[in-house]
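Some notes on the structure that comes next.
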Amino acid sequence: MIPRTLFGDDHQLFRDTVRRFMEAEVAPHHARWDEQGYVDRDLWSKAGAAGFLCPSMPEQYGGSGVDILFSVILMEEQFRIGATGPGFGLHSEIVAPYILHQGSEYLKSTYLPRLATGEMIGAIAMTEPGAGSDLQGIKTSAVKDGEHYILNGSKTFITNGWHCDLVIVVARTDPDAGSKGISLFVVDTTMPGFTKGKRLHKMGMSAQDTSELFFDQVRVPAQNLLGEEGRGFACLMQELPWERLQIALTGVAAAQAALDWTIQYTRDRQAFGRSVIDFQTVSHKLAEMKTEIAVGQVFIDRCIELKLANKLDAETASMAKYWATEMQFKVMDQCVQLHGGYGYMHEYPIARAWADARVQRIYGGTNEIMKELISRTL
Ligand SMILES: Cc1cc2nc3c(=O)[nH]c(=O)nc-3n(C[C@H](O)[C@H](O)[C@H](O)COP(=O)(O)OP(=O)(O)OC[C@H]3O[C@@H](n4cnc5c(N)ncnc54)[C@H](O)[C@@H]3O)c2cc1C
């Protein structure tokens with residue numbers, strides 16, 4: 001196997017600690033969270049107390065000031081146990097970086113420390129009932145009124161949407177300016193006029209509280225504008241490659257977990273007087289999957305290196321997201337098959353992982369949009 005060279009001793013120690021946390025605080029409760037449709041809120045406080053939220057934020061804003069490899073480890077260990085309920089990655093490595101990179105000193109010092117402890121849970125709301133891939137088609141509006149913006153509209157499919165206390169909202173500030181008429185706002189969910197809709201009933205990721213959000217004449221202080229007015233689209237373009245790489249790296253981690261479960265299962269399962277893994281068609285299928293995951297891991301690790309060096313471009317991140325999530329779903333599907341009928345039963349992790357994996361090809365920009373972005377560079 002090609003050894004992974006990204007991580008040092010301190011990363012390995014951190015991985016051990018995270019693994020213990022995931023096994024003690026997440027794994028035993030996840031089936032119950034799947035049933036209730038959200039993770040217990042106190043998990044967020046425990047994760048905050050352990051330093052597992054926003055670790056890459058600077059210490060002055062409540063983080064640990066460590067490199068993003070610590071966040072990579074958190075995501076990999078979460079997906080290693082098939083735990084798709086906690087929206088930690090989105091909170092720590094999508095929402096918080098927007099505030100750090102685009103926010104004023106006021107926004108950074110007001111919100112980042114509370115995200116790091118888990119006192120506040122973060123979400124980001126781009127998608128609307130009528131506009132997902134085509135973000136320029138959003139209708140949510142923000143109209144300046146003295147020292148406030150008046151926000152009206154609705155969003156859907158928002159990860160952490162039911163638990164969240166803070167939402168980065170993408171809204172139109174100029175109806176005639178195309179992509180230059182879009183701005184970002186940090187909306188505190190206690191602001192009057194803000195309401196959360198129902199938790200959405202999804203095919204998979206059942207413990208993830210994905211929700212609708214509604215804005216009815218919400219008065220957002222002008223100081224909660226994130227970045228400059230009209231520069232929202234440009235900010236999104238800057239932050240999206242890292243979001244897409246995160247989806248890709250969790251795809252590889254999830255595929256590896258599925259392969260590990262399946263190797264174990266086919267060893268234990270007997271048919272025609274031998275272990276299922278002893279049929280050559282089965283062991284060759286497992287060999288193919290092992291190869292594809294290994295190939296994918298090398299590409300993803302190289303992308304992570306580029307991100308560390310601030311050189312990850314949109315094209316490469318799109319390739320990673322598209323390829324890794326297609327590979328993930330193919331692996332999941334083959335692993336279900338190798339579990340036979342048990343692979344279709346919810347009490348087997350592979351069944352849940354298969355359903356959870358399907359959305360990876362859809363959110364964060366669909367894989368068709370990823371190919372569109374890549375094709376523009378041909
Ligand atoms: C579980 C879950 C969590 C999510 N979390 C969030 C979140 O936290 N925040 C958020 O803002 N959004 C979130 N989303 C929304 C997600 O990002 C969108 O669903 C996604 O971007 C697709 O948008 P859409 O659903 O409107 O599909 P559409 O844009 O309507 O696409 C429909 C189909 O048309 C295809 N298509 C569209 N345009 C083109 C094109 N130019 N070329 C080729 N094909 C095209 C698409 O690929 C797709 O197959 C989440 C979605 C889910 C399901």
| field | Subset tally (residues that are on the phi > 0 side of the Ramachandran plot and in contact with a helix residue (DSSP H, G or I) (Cβ under 6 Å, 6 or more places away or on another chain)) for segment 195-223 | value | 1
| query | Is it the case that residue 173 is within 15 Å of the ligand (Cβ to nearest atom) and either open to solvent by 20 Å² or more (accessible area, probe 1.4 Å) or without any contact (Cβ under 8 Å) to a residue 60 or more places away in the chain (or both)? | reply | no
| note | Heads up, the helices (runs of 4 or more DSSP H) in segment 27-85 (entirely inside) with at least 3 residues that are farther than 14 Å from residue 96 by Cβ and aliphatic (A, V, I, L, M) are 69-80
| Criterion (within 30 Å of residue 184 (Cβ to Cβ), open to solvent by 20 Å² or more (accessible area, probe 1.4 Å) and either assigned to a helix (DSSP H, G or I) or in contact with a Pro (Cβ under 9 Å, 6 or more places away or on another chain) (or both)) met by exactly one of 256, 246, 264, 238 | 238
| request: Could you check residue 299 against (1) touching a residue at least 12 places away in the same chain (Cβ under 8 Å); (2) open to solvent by 70 Å² or more (accessible area, probe 1.4 Å); (3) assigned to a loop (DSSP other than H, G, I, E, B); (4) not basic (Lys, Arg) and say which number it fails? | output: (3)
| All positions within segment 331-369 that are away from the ligand (no atom under 16 Å from the Cβ), of a type outside the set (A, V, I, L, M, F, W, C) and modelled with pLDDT of 95 or more | 333, 334, 337, 339, 340, 341, 342, 343, 344, 348, 349
| message | Taking the condition of being in contact with a strand residue (DSSP E or B) (Cβ under 8 Å, 6 or more places away or on another chain), within 16 Å of the ligand (Cβ to nearest atom) and open to solvent by less than 10 Å² (accessible area, probe 1.4 Å), how many residues in segment 93-119 meet it? | response | 5
| said: Pull out all pairs, ordered by first then second residue, where Cβ-Cβ is under 8 Å, the residues are six or more apart or on different chains, the first lies in segment 4-32 and is in contact (Cβ under 8 Å) with a residue 24 or more places away in the chain, and the second is surrounded by 14 or more Cβ atoms within 10 Å (Cβ to Cβ) and of a type in the set (S, T, N, Q). | reply: 4/297; 22/78; 26/78
| said: within 15 Å of the ligand (Cβ to nearest atom) and more than 19 Å from residue 224 (Cβ to Cβ): which single residue out of 178, 130, 161 fits that description? | reply: 130
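Condition check ((1) open to solvent by 10 Å² or more (accessible area, probe 1.4 Å); (2) touching a residue at least 60 places away in the same chain (Cβ under 8 Å); (3) more than 20 Å from the chain's Cα centre (by Cα)) across all residues:
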| residue | (1), (2), (3) |
| --- | --- |
| 326 | yes, no, no |
| 336 | yes, no, yes |
| 341 | yes, no, yes |
| 344 | yes, no, yes |
| 349 | yes, yes, no |
| 352 | yes, yes, no |
| 360 | no, yes, no |
| 367 | no, no, no |
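The values are calculated or read from the model by the stated rules, or taken from the named source; none is laboratory data. Everything numeric here is computed off the predicted structure, so don't read it as measured data. FYI the Cβ positions are ideal-geometry reconstructions off the backbone, even for glycines, and counts take in every protein chain you see. We work out accessible area using only protein heavy atoms, side chains counted, and drop any ligands, DNA or RNA first. Shrake-Rupley method; radii C 1.70, N 1.55, O 1.52, S 1.80 Å.
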